[in-house]
Amino acid sequence: MPIDPEILAANTHQLKCLKTLVMSDSDYGVDLGGGWTVSVAFAHMGFWDRRQAELLRNWEIDDPIPESQTDDQLNLVLERYWQQITPNVSGHMAVDVAEEVDGIIASLPDEKINAFLDLGTRFMLARGDHREEHIDQIMREL
């Protein structure tokens, strides 16, 4: 089964929204709450898309789905690093890696797509869903 066109459409739509935000004259220092700024949200999205790109690129069907029990803790650990990334870099990094992971997802063979869906890991393919959450948060504050 080829990848659900809705996943590809959502990924593409959220990438377009992300690009628009990054290219705007918005203040990347706007506080989003909890110690996060727009810049931190961009760095966060870039990190998680980068992680998915690497997992998708290297995953073999016979291997267990690569998930970490510590993923939620990673946000807390990485937050201080993300705060040190310059705003311009965080936005462009998020766009570049979103384009990369979307390309990987669009080119996955049917057997890998089916394996992800059969295991209930649609989120690994639906990167637009994760981006949408943070883009909406940024848009509310801007």
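The values are calculated or read from the model by the stated rules, or taken from the named source; none is laboratory data. What you are looking at is a predicted structure, and each value in this text was computed from that prediction instead of being measured. In this analysis, Cβ positions are derived from the backbone assuming ideal geometry, glycine residues included, and neighbour counts consider all displayed protein chains.
Can you tell me which residues in the range 29-44 are assigned to a loop (DSSP other than H, G, I, E, B) and free of Cβ contacts under 8 Å to residues at least 40 places away in the same chain?
Matches in the range 29-44: GLY34 only.
Would you check which residues across the range 82-92 are under 9 Å from ALA43 (Cα atoms) and of a type in the set (Ser, Thr, Tyr) and list them?
Answer for the range 82-92, where residues must be under 9 Å from ALA43 (Cα atoms) and of a type in the set (Ser, Thr, Tyr): just SER90.
Kindly provide the set of residues from the range 49-85 that are at pLDDT below 90 and aromatic (Phe, Trp, Tyr), ordered by number.
TRP59, TYR81
Pairs under 6 Å by beta carbon, first residue among the aromatic types (Phe, Trp, Tyr) in the range 112-127, partner at pLDDT 90 or above, six or more apart or different chains?
So the pair list comes out as PHE116/LEU125.
Any residue in the range 1-15 that is of a type outside the set (Val, Ile, Thr), over 16 Å from ARG127 (Cβ atoms), surrounded by fewer than 21 Cβ atoms within 10 Å (Cβ to Cβ) and in contact (Cβ under 8 Å) with a residue 24 or more places away in the chain?
yes
Applying the selection to the range 1-28, what residues are aliphatic (A, V, I, L, M) and in a helix (DSSP H, G or I)?
Selection gives ILE7, LEU8, ALA9, ALA10, LEU15, LEU18, LEU21, VAL22, MET23.
Across the range 106-121, which residue is surrounded by the most Cβ atoms within 10 Å (Cβ to Cβ) among those that are at pLDDT 90 or above and not in a helix (DSSP H, G or I)?
The qualifying residue surrounded by the most Cβ atoms within 10 Å (Cβ to Cβ) is LEU108.
If a residue has to be part of a helix (DSSP H, G or I) and either small (Gly, Ala, Ser) or more than 19 Å from CYS17 (Cβ to Cβ) (or both) to count, how many in the range 72-105 make the cut?
18
List every residue pair whose Cβ atoms lie under 6 Å apart, where the two residues are 6 or more positions apart in sequence or sit on different chains, the first residue falls within the range 45-65 and is in a helix (DSSP H, G or I), and the second residue, located anywhere, is small (Gly, Ala, Ser).
Here the result reads MET45/ALA94; GLY46/ALA94; ASP49/ALA98, each pair linking the range 45-65 to a residue that is small (Gly, Ala, Ser).
Of (1) free of Cβ contacts under 8 Å to residues at least 40 places away in the same chain; (2) within 27 Å of LYS16 (Cβ to Cβ); (3) more than 12 Å from the chain's Cα centre (by Cα), GLU133 satisfies all except one. Which?
(3)
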